[in-house]
1. Would you point out the residue of the stretch 175-216, among those that are of a type in the set (S, T, N, Q) and modelled with pLDDT under 95, that is farthest from the chain's Cα centre (by Cα)?
2. Lys130: free of Cβ contacts under 8 Å to residues at least 60 places away in the same chain and within 26 Å of Pro59 (Cα to Cα), yes or no?
3. Residues to consider are Ser52, Ser63, Ser72, Ser99; find the one that is modelled with pLDDT of 80 or more, open to solvent by 70 Å² or more (accessible area, probe 1.4 Å) and out of contact with any helix residue (DSSP H, G or I) (no Cβ under 9 Å at 6 or more places or on another chain).
4. Cβ-Cβ distance below 6 Å, separation of 6 or more or different chains: which pairs start in the stretch 75-90 with a residue that is open to solvent by 50 Å² or more (accessible area, probe 1.4 Å) and end on one that is modelled with pLDDT of 95 or more?
5. Could you check the stretch 181-193 and list, in sequence order, the residues that are open to solvent by 30 Å² or more (accessible area, probe 1.4 Å) and not in a helix (DSSP H, G or I)?
6. If Ile197 satisfies every condition in (1) open to solvent by 20 Å² or more (accessible area, probe 1.4 Å); (2) touching a residue at least 12 places away in the same chain (Cβ under 8 Å); (3) aliphatic (A, V, I, L, M); (4) over 15 Å from Asn120 (Cα atoms) but one, which is the exception?
Amino acid sequence: MSNYGEWQESKKEYKMEKRKKRHKSQLVLLAIILIIGIPLVIIVGITKGSESGKESVKPMTESTQIKKEFDSFKKQILSETTQMVESEANFNEFVKAYSSGSFSQVEAYENVKEYRDIINQHRSNLMAMKFDERFPEKLGAHLTEGKSKILDGVAMKDSALASLLEYLDDGKTSELAEYRENSPLYLVGVKAGLQEINVVEKIVNPKKQSTGKASK
């Protein structure tokens with residue numbers, strides 16, 4: 001075979017080899033698309049299915065149902081805040097007794113630590129309180145804000161007690177000053193929170209409010 005013939009033959013083989021490689025790469029690409037694409041289609045299908053299957057939450061419209069849900073939430077909040085006010089009054093009595101020398105430093109530290117645990121239990125109880133997500137949005141915003149303000153007061157009390165423990169442990173006057181500054185904000189937060197709850201009370205139970213004013 002002449003040089004030209006050999007060249008043509010090798011050229012033919014080269015083209016065939018190139019075609020095989022191209023065909024092979026196309027198959028590999030197709031396999032990758034199938035591997036990635038199929039699970040993606042499944043995932044999208046599942047997601048769309050779950051979204052379409054999820055019913056939209058319809059807000060409460062019946063006044064009886066709204067009143068029942070509000071009264072249930074309010075009862076929980078009032079029960080908790082009543083206990084909070086009572087335990088705070090008892091703690092203030094302890095502070096007075098400690099100031100007059102009725103408790104040792106160790107006893108005082110233990111009492112403060114115990115009261116801080118009580119405060120944090122109140123925090124946990126409040127955070128667990130929820131109302132039905134179907135509750136009217138505008139009214140629900142006041143309930144959420146009310147609970148948030150009470151929790152802000154709890155956070156300030158927790159911070160104040162931490163400062164008091166530091167004072168009892170290290171005797172730093174600056175920590176005592178921190179306690180005196182932050183401690184009163186506890187009941188300020190509770191009061192502000194209850195005012196938000198009362199806004200909803202006036203809307204949901206207007207007769208109750210007017211009766212209360214008349215009796216005064």
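1. First pass over the stretch 175-216, keeping only residues of a type in the set (S, T, N, Q): 182-183, 195, 198, 205, 209-211, 215.
Within this subset, residues satisfying the condition of being modelled with pLDDT under 95 are 205, 209-211, 215.
Values: Asn205: 29, Gln209: 32, Ser210: 35, Thr211: 37, Ser215: 40 Å.
Checking each candidate, the answer is Ser215.
2. Judged against the criteria, Lys130 is a match.
3. Values: Ser52 fails: modelled with pLDDT of 80 or more; Ser63 fails: out of contact with any helix residue (DSSP H, G or I) (no Cβ under 9 Å at 6 or more places or on another chain); Ser72 fails: open to solvent by 70 Å² or more (accessible area, probe 1.4 Å).
Going through Ser52, Ser63, Ser72, Ser99 in turn, the sole match is Ser99.
4. Hits for this filter: Gln76/Met129.
5. Pro184
6. The single condition Ile197 does not satisfy is (1).
Here's the yes/no breakdown for (1) in a helix (DSSP H, G or I); (2) open to solvent by 50 Å² or more (accessible area, probe 1.4 Å); (3) not polar (S, T, N, Q):
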position: Ile119; (1), (2), (3): yes, no, yes
position: Lys130; (1), (2), (3): no, yes, yes
position: Thr144; (1), (2), (3): yes, yes, no
position: Lys147; (1), (2), (3): yes, no, yes
position: Asp152; (1), (2), (3): yes, yes, yes
position: Leu161; (1), (2), (3): yes, no, yes
position: Leu165; (1), (2), (3): yes, no, yes
position: Tyr179; (1), (2), (3): yes, no, yes
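The values are calculated or read from the model by the stated rules, or taken from the named source; none is laboratory data. All figures in this text were calculated on a predicted structure; none of them were measured in a lab. FYI the Cβ positions are ideal-geometry reconstructions off the backbone, even for glycines, and counts take in every protein chain you see. Note: areas computed on protein heavy atoms with side chains; ligands, DNA, RNA excluded. Shrake-Rupley method; radii C 1.70, N 1.55, O 1.52, S 1.80 Å.
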